[in-house]
Amino acid sequence: MRGDYECDLLIRGASVFDGTGAAPVTCDVAVAEDRIVAVGAALTLSAHDEVQADGLALAPGFIDVHTHDDLAAMSLDTSLPKLSQGVTTVVTGNCGISLGPTPLGRRDTVVPPLDLIATKDEYRYATFGDFLSAVRGIGPALNVVPLVGHTVLRARAVDDLSGPATEEEVAAMRQDLVAALDQGAAGLSTGLAYPPAKAATTEEVLALVREVATAGALWTTHMRDERTGVVSAVAETIDIARRSGARTLISHHKCCGEAAFGLSRTTLAMIEDARRDITLDIDVYPYTASSTVLIESFARDSRRVTVSWSDPHPEMAGRDLSEIAEIWGIPEMEALDRLRPGGAIYHQMDDGDLERILAWPPSLVGSDGLPRDRRPHPRLWGAFPRVLGHYVRERSLLNLSTAIAKMTGQTAAVLGLHDRGRITEGAAADLVLFDPALIRDAASFEDPARPAEGIVSVYLNGKLAYRPDAPGTTPCGTLLSRAP
Ligand SMILES: [Zn+2]
């Protein structure tokens, strides 16, 4: 495509945020094929495409460190919520839930919360390697960093999910895990707050996380408790991280329910202290409402519960649980039961905790978006621009360079992605050009499927992947599995 030109793309005069947290520098960035080949003032290269970017910000493509996009990343239309925010890389397989290997076999139903990302028919990969081959074969629309989920391994190996695994069952999970890591999994995720994994003992988790450490991979955890028990859940996480030696990432750190408000003061102090001798990080999404499957204890702790999907009652998606209970003339918890299998949005956090966690220098930004929900939580379409618009520009909670680093360079370092998340010569050409004065999340709880405003263009591996007036037509992502 380049012909006689010296590079494919030359973006001129942008305010370049290099992803390290350093102040922006106005300069030019040149791309050839899938790499950044030059960064500097008034570059004299000739380019096939030249873009005048005066007044716009150029950042490395955002890395969504917490997603459930295992299936969504495989097609362009379901990747639009991410591309339209400037996200170019997603970490999949979080919260214990991954598309491979199939959780079916020992049981023939998909136990919640595994139904958050796929149906029974879609859980069709016998091994984690089969899932990776499918991603590679199809050519994903985003770069994919794939984790394997503990709950999936548990569903395959454990007879009674409400109890601790036996020695043989732990051995079976270890075998599956080692195979997945050998095949290229970036790490293991756990979802210990969910019924099918709740009964896993610390020792069960430790046995698996030790394999993660041996492989030099990453452990991410949706901790056992994010309510009043969050302090002891953090203590357990630190204990497992320390005893295993695995690089550890606490997922979507938060304090849910009024009784837990303010506990982030304690948890962040514990994490900061632990970081002196272990590798421990956290991610956060910029909203005070969570979203997952319908669970009674979550609903009881919430100011407001909005149904995001329901298999038996799809017509109720978007309505509040209280309203549905009133329509049906039954108590809310009975209505919740009748709506299952289904999901909900739980308004249950405090701004103070959220801002404290988001402003804490090491925290990373993730969306935790649920791409299959009929009425998704707005984080699916809005998480990254919400940080840049609301928390940077409107609230001045953090400056733009710092916020961008939490979505790019800092994240790449935690993930061990050595050539992403930075604007520097030789790095992968994942780039987002946006207007810092206009960027904002348009997705709201009332109208959640709205693309962000202020994003000008998104380049993925050197190719134009998104413009508001011209969503991409070719998948440009790649699988970022660990070298087997
Ligand atoms: Zn989670």
Rounded to the nearest 500, what is the chain's calculated 222 nm mean residue ellipticity when only DSSP H runs of at least 4 contribute -39500 (n - 2.57) each, over all residues? -8000 deg cm²/dmol
Estimated dipole of the chain in Debye, rounded to 20 [Cβ of Lys and Arg +1, of Asp and Glu -1, Cα centre]: 400
Among Met173, Leu321, His418, which residue has its Cα furthest toward the positive end of the charge dipole of the chain, with +1 on Lys/Arg Cβ and -1 on Asp/Glu Cβ? His418
Separation between the Val25 and Ala179 pseudo-spin-labels, each 7 Å from Cα along Cα→Cβ, expressed in nm? 4.9
Counting Lys and Arg as +1 and Asp and Glu as -1, each charge on the Cβ, what is the dipole of the stretch 290-344 about the Cα centre in debye, to the nearest 20? 140
Alpha carbon centre of the stretch 339-408 versus the stretch 206-274: separation in Å? 19
Which ³J(HN,Hα) values in Hz, rounded to whole numbers, follow from the phi angles of the stretch 6-21 under the Karplus curve 6.51 cos²θ - 1.76 cosθ + 1.60, where θ = phi - 60° and Gly and Pro get x? 7, 8, 7, 9, 10, 9, 9, x, 7, 7, 8, 9, 7, x, 8, x
Ordering of 75-82, 396-403 by burial proxy (mean other Cβ atoms within 10 Å per residue, highest first): 75-82, 396-403
Relative to the compact-globule estimate 2.2 N^0.38 Å (N residues), the Cα gyration radius of the chain stands at a ratio of 0.94
Amide hydrogen neighbours beyond the local backbone of Ser189, cut-off 5 Å, H modeled: Gly96, Val148, Gly149, His150, Thr220
At a 1.4 Å probe, what is the % contribution of carbon and sulfur to the accessible area of the stretch 1-136? 51
Of Lys198/Lys406; Lys82/Lys406; Lys198/Lys254; Lys120/Lys463, which ones are farther than 24 Å apart at the Cα? Lys198/Lys406; Lys120/Lys463
Show me, for the stretch 116-124, the HN-Hα J-couplings you get by feeding each phi into the Karplus relation (A = 6.51, B = -1.76, C = 1.60, θ = phi - 60°), rounded to Hz, glycine and proline as x. 5, 10, 7, 8, 3, 5, 7, 7, 10
Kindly point out which whole DSSP H helices in the chain project their C-alpha atoms 20 angstrom or further along the helix axis while averaging a Kyte-Doolittle hydropathy of 0.5 or above. 230-244
Give, in nm to one decimal, the length gained when the segment between Ala42 and Glu453 is fully stretched (0.36 nm per residue of separation minus the Cα-Cα distance). 145.0 nm
Accessible surface, per residue, of the chain when the full set of protein chains is kept, probe 1.4 Å, Å²: 36
Separation of alpha-carbon centers, the stretch 463-482 and the stretch 53-124, rounded to whole Å: 15
Ordered by residue, what ³J(HN,Hα) values in Hz, to whole numbers, does the stretch 391-406 give under the Karplus form 6.51 cos²θ - 1.76 cosθ + 1.60, where θ = phi - 60° and Gly and Pro are x? 7, 8, 6, 7, 9, 6, 6, 8, 7, 4, 4, 5, 4, 5, 4, 5
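The values are calculated or read from the model by the stated rules, or taken from the named source; none is laboratory data. Values in this document were obtained by computation on a predicted structure and should not be read as measured data. Cβ sites come from the backbone with ideal geometry, for glycine too, and all protein chains shown count toward neighbours. Note: accessible area is taken over every heavy atom of the protein model, side chains too, but ligands, DNA and RNA are not part of it. Shrake-Rupley method; radii C 1.70, N 1.55, O 1.52, S 1.80 Å.
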